[in-house]
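Before any comments, here is the structure.
The values are calculated or read from the model by the stated rules, or taken from the named source; none is laboratory data. Quick caveat, the model's predicted, so the values are computed rather than measured. No Cβ is skipped: glycine too gets one built from the backbone with ideal geometry, and neighbour counts run over all protein chains shown.
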Amino acid sequence: MRITTRYAATLGALGLVLAGCSSEAGQQAEGAAENTAEVAEDVEFPAGTTMAELAEAGSITVGTKYDQPGFGLLNPDGVPEGFDVEIAKIIAGELGIAPEEITWTETVSANREPFIQNGQVDIVVATYTINDTRKQVVDFAGPYYVAGQDIMVAAGNPEGIQGPEDLAGKTVCSVEGSTPAQNIRDNFPEATLVTYDVYSKCADDLANGNVQAVTTDNVILTGLVAGNPEGFELVGNPFTEEPYGIGLPLGDTEFRNFLNDVLEEAYEDGTWAAAWDRTAGAITGEEAPEPPAVDRY
């Protein structure tokens, strides 16, 4: 696995278990992240729409992860960066909102729906799998990426785990409120499941030998392996499809249509691919894949 110097340094500074990932929700880091997305000028939206309200306010609150290298991770300056963060910047830019006017709020898997429902965030961009259960309480734009559930094990794979069927009798870690954790509960009950609020704690348990495997989406695990290539490896046998979407309040069809329009434009003009290349792609060495088709359900 190729890791660029910049990301290797960032991951090394944060340490194996990414201990510096947690910070107060609602943090708006000073010097907000690099201006990597164009900011539209003189934007106009129909009165009364979410787009008009956000554009008039000149700010947006985005829920994202703080402990996932390549997608959403606090850098040494305490500013989130990654592919999810870049997607949020692209959206903000189309609303005329500069990156320094984005308020980043840490969302873990279990609190994404409540944060949207309670108005604590305007959108969630946080490796957020679109599924029918979640669509009963929030809406989704996208998908903007499709991952797959995989398994991370100790380097050398001492347990010989090749897929989920090999988790029987093993202790496996995931995050509460995530689709991978529920998949293990529902379909692989012979495994002993341990859950936390963030994946960095799972990585810590695996490093300490408290669990034999960690399971979640392959791109998340790839980032964790990049942070400790001497200690972890990816099985590399994805067994689900996890379409990542942008979470927003249920029933806000105009806003969802706008977000889908922004994504499709980013696919066409290369903005999406460029965002991948400087974040997740910089860690994995993989070129941007073909973007998924937006589902305008």
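Which of the strands (runs of 3 or more DSSP E) found entirely inside the range 192-268 contain at least 1 residues meeting this: over 22 Å from A110 (Cα atoms)? Step through it out loud before you land on a result.
Numbers: elements: 192-196, 213-217, 232-234, 242-249.
Filter on the range 192-268 gives 232-234.
Out of all the residues in the range 247-255, is one or more surrounded by fewer than 24 Cβ atoms within 10 Å (Cβ to Cβ), among the small types (G, A, S) and closer than 20 Å to D166 by Cα? Break it down stepwise before answering.
Of the range 247-255, the ones surrounded by fewer than 24 Cβ atoms within 10 Å (Cβ to Cβ) are 248-255.
Add one more test, that the residue is among the small types (G, A, S), and what stays is 251.
Next cut, closer than 20 Å to D166 by Cα only: none.
No, the range 247-255 has no match at all.
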Hits in the range 182-191 - residues which are surrounded by fewer than 20 Cβ atoms within 10 Å (Cβ to Cβ) and not in a helix (DSSP H, G or I): F188, P189, E190
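Determine if the range 111-120 includes at least one residue that is touching a Phe, Trp or Tyr at 6+ places or on another chain (Cβ under 9 Å), on the phi < 0 side of the Ramachandran plot and surrounded by fewer than 21 Cβ atoms within 10 Å (Cβ to Cβ). Reasoning before the result, please.
So the first thing to find is which residues in the range 111-120 are touching a Phe, Trp or Tyr at 6+ places or on another chain (Cβ under 9 Å), and the list is 112.
Those still in the list that are on the phi < 0 side of the Ramachandran plot too: 112.
Cutting the leftovers down to surrounded by fewer than 21 Cβ atoms within 10 Å (Cβ to Cβ) gives us none.
So far as the range 111-120 goes, no, none of its residues is touching a Phe, Trp or Tyr at 6+ places or on another chain (Cβ under 9 Å), on the phi < 0 side of the Ramachandran plot and surrounded by fewer than 21 Cβ atoms within 10 Å (Cβ to Cβ).
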Among the residues of the range 68-121, which ones are closer than 27 Å to V137 by Cβ, part of a loop (DSSP other than H, G, I, E, B) and more than 16 Å from the chain's Cα centre (by Cα)? L95, I97, N118, G119, Q120
Being under 30 Å from A191 (Cα atoms) and either without any contact (Cβ under 8 Å) to a residue 12 or more places away in the chain or among the small types (G, A, S) (or both) narrows it down to one of A168, A88, A141, so name that one. A168
For the range 162-181, state whether one or more residues are part of a helix (DSSP H, G or I) and under 22 Å from D295 (Cβ atoms). yes
Could you give me the residue pairs with C-beta distances under 6 Å whose first residue belongs to the range 233-262 and is within 19 Å of A47 (Cα to Cα), whose second residue is of a type in the set (S, T, N, Q) and in a loop (DSSP other than H, G, I, E, B) wherever it lies, and which are 6+ apart or on separate chains? E254/T49
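Got a sec? Which of T36, T10 is part of a loop (DSSP other than H, G, I, E, B), among the β-branched types (V, I, T), crowded, with 17+ Cβ neighbours inside 10 Å and at pLDDT below 95?
None of the other options fit; the residue is T36.
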Going residue by residue through the range 225-246, is there one that turns out to be of a type outside the set (S, T, Y), crowded, with 19+ Cβ neighbours inside 10 Å and more than 30 Å from A168 (Cα to Cα)? yes
Selected residue [among the aliphatic types (A, V, I, L, M) and farther than 18 Å from G245 by Cα] from I161, I87, I91: I161
